[in-house]
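Scroll down for the structure; my scribbles are underneath it.
The values are calculated or read from the model by the stated rules, or taken from the named source; none is laboratory data. Everything numeric here is computed off the predicted structure, so don't read it as measured data. Cβ atoms come from the backbone with ideal geometry, glycine included; neighbour counts cover every protein chain shown. Side chains are part of the model used for accessible areas, which takes the heavy atoms of the whole protein and leaves out ligands, DNA and RNA. Shrake-Rupley method; radii C 1.70, N 1.55, O 1.52, S 1.80 Å.
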Amino acid sequence: MTEISDRYRRLAGLFTDKVAAVPADRWDTQSPCEEWNSRQLVGHVADTQGMFLGLVGESAGDAPSVDADPLGAWTAARDAVQRALEDPAVAGKEFEGLFGRTRFEDAVDRFLCFDLVVHGWDLARAAGLDDTIALDDARRTAALASQFGESLHSPGVCGPEVEVAADADEQTQLLALLGRTP
């Protein structure tokens, strides 16, 4: 196991806990992402795992649909990425990505772990769950966001930065940077 594999396992576990805790009557609730409700948000996160696996010729395999079983759809995708991270041959596979040539595990760390933190907050907010982001995760996610440059606020990524008080806590500053109203 690598540090990246461990980080993914931990963050995916936190996301799993949120998916499992969504009340039945909150699956159609609008998320902070304008284009998705809670169920669609989980579908997006699950689909993104499969997309990254596809970049290195791997697959998430068969999974239930997010409409029928959001938790099952998510855990199938999560488990496939975790298996890939634990296989050194797959974890080290390279592909041409948005930021040039990269290894699968580095892309997981940079993008999927980022998404798990951010969309974990989105899901918690939509479902009425605890939306606290651990300080270390907020700091790491903010550092990753700063590496994205202008692409962070391009269509389909994050909305425009939201203005917050200069003395806002780090989670609030992160969310504002990502175009979310805390």
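Brief remarks follow.
- Only Lys, Arg (+1) and Asp, Glu (-1) charged, at Cβ; region 80-142 dipole about Cα centre in debye: 140
- Where (i) 0.97; (ii) 0.95; (iii) 1.01 are the candidate values, the label of the one calculated here for Rg/Rh (Cα atoms, Kirkwood Rh) is (ii).
- Cβ-derived FRET efficiency at R0 30 Å, LEU55 paired with GLN30, nearest 0.05: 0.50
- Considering only GLY13, GLY54, GLY72, the mean-square fluctuation computed in a Gaussian network model of the chain, springs between alpha carbons under 10 angstrom, is largest for GLY54.
- When the residues GLU150, GLU161 are ordered by accessible surface, computed with a 1.4 Å probe over the protein chains alone, the sequence from largest down reads GLU150, GLU161.
- Of PRO32, ALA142, GLY179, farthest towards positive along the dipole that unit charges on Lys, Arg, Asp, Glu beta carbons give the chain: ALA142
- Region 10-64: GluC sites (Glu not before Pro) in DSSP loop, at most 15 other beta carbons within 10 Å: GLU34, GLU35
- Only Lys, Arg (+1) and Asp, Glu (-1) charged, at Cβ; region 1-85 dipole about Cα centre in debye: 320
- Max mean-square fluctuation residue, GNM over the chain, Cα-Cα springs under 10 Å, options ALA134, ALA166, ALA63: ALA166
- Spin-label zone in region 108-142 - amide nitrogen under 11 Å from a point set 7 Å from the Cα of THR2 along the C-beta vector: 108-110
- Counting only protein chain heavy atoms and rolling a 1.4 Å probe, the accessible areas of HIS119, HIS44 rank, largest first, as HIS44, HIS119.
- Each residue of region 28-43 is assigned a 3J(HN,Hα), and the resulting list reads 9, 6, 4, 8, x, 7, 3, 8, 9, 8, 4, 5, 5, 5, 5, x Hz, derived from the Karplus form 6.51 cos²θ - 1.76 cosθ + 1.60 (θ = phi - 60°), x at Gly and Pro.
- Average Cα contact separation per residue, region 24-182, under 8 Å, 6 or more apart, as relative contact order %: 18
- Amide H within-cut-off set for GLY97, under 5 Å, with H built and near neighbours excluded: THR102
- The charge dipole of the chain, taken about its Cα centre with unit charges on the Cβ atoms of Lys, Arg (+1), Asp and Glu (-1) only, comes to about 240 debye.
- Gaussian network model of the chain, Cα within-10 Å springs - most flexible of LEU123, LEU135, LEU14: LEU135
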